[in-house]
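Report on one structure; see the data block that follows.
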Amino acid sequence: GRAWGLRDRDIAQGLQAFRGPERRCQSRRVGDLWLLDDSYNASPQSMRAALDLLRETPARGQRIAVCGDMLELGDAAQAAHLRLGQEIVTVGGADRLFACGQFAHDIARGARQAGMPARAIETVADPSHVADALAKLASPGDAILFKASRAVGLDAVVELLFALLSSRATPPA
C-alpha cells in the first residue's frame, strides 16, 4: 500500500475489510478454539505454508493437524505424503494428527518417523468420522488445521465440527 502512496490508515481499513477466497487459509474462532480451514486444495508447497500457519497460531493447547491426500502427484505421491507427515511434526509443531484418505498411512508413518507418538495419530480412509472425534477431543486453546485436496472432503468436516463446537459453546437459553 505504501508503494502506491496510500496512508497507513487506509491500508489498515483495507486489510480489515479483506475477505480471502473461501476455504483458503481461513481462520475461524469457536469459543477459545481456532479452526484453520485450508481445505480447498493441496500441494506440497501449500501444505508447508499451512503448517507454518498452524505453528504460528497462538494456541495455548494442542496443535492438531487434520491432513489428507494431495492429489495429482503421480509417482512422487508416496514420498510426498511421507514427507508431509514428517513436516506436520517438524514444521507445524502438531501434537496430534488425523491422517485422511488413500495416503493416510504414509502421512502417519512420516509423523511417527519425526517423533510423534503412535497414540497421537489416527488414520481414517473416510474423514466423515473425524468431526465427532475432534468434538470430543478438542479443548479450549487448541488450534486445528484442515488441509487436503478438495476431493477428500474436509470442507464438510470443518462445517460439521464448527456446528458441533458452536452448540457446545452456546449455553442453553
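Below is a table of values for the structure above.
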{"item": "The range 122-145 - residue that is closer than 18 Å to G110 by Cβ and at pLDDT 90 or above and, of those, most open to solvent (accessible area, probe 1.4 Å)", "result": "E122"}
{"item": "Tally of residues being closer than 18 Å to P127 by Cβ and either modelled with pLDDT under 95 or of a type in the set (F, W, Y) (or both) across the range 55-65", "result": "0"}
{"item": "Some residue of the range 36-51 being in a strand (DSSP E or B), closer than 24 Å to L164 by Cα and of a type in the set (F, W, Y)", "result": "no"}
{"item": "Selection from the range 109-155 of residues that are of a type in the set (G, A, S) and farther than 18 Å from A50 by Cβ", "result": "G115, A118, A120, A125, S128, A131, A133, A135, A138, S139, G141"}
{"item": "Count of the range 146-169 residues which are within 20 Å of G61 (Cα to Cα) and open to solvent by 10 Å² or more (accessible area, probe 1.4 Å)", "result": "5"}
{"item": "Subset of the range 83-109 [touching a Gly at 6+ places or on another chain (Cβ under 7 Å), touching a residue at least 24 places away in the same chain (Cβ under 8 Å) and more than 15 Å from A42 (Cβ to Cβ)]", "result": "Q86, V89, R109"}
{"item": "Residue match in the range 62-75 (condition: in contact with a Leu (Cβ under 8 Å, 6 or more places away or on another chain), surrounded by fewer than 17 Cβ atoms within 10 Å (Cβ to Cβ) and over 23 Å from A163 (Cβ atoms))", "result": "no"}
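The values are calculated or read from the model by the stated rules, or taken from the named source; none is laboratory data. For clarity, every value in this text was computed on a predicted model and none was experimentally measured. All Cβ positions, glycine included, derive from the backbone under ideal geometry; neighbour counts span all protein chains shown. Areas reflect the complete protein model, heavy atoms only, side chains present, ligands, DNA and RNA absent. Shrake-Rupley method; radii C 1.70, N 1.55, O 1.52, S 1.80 Å.
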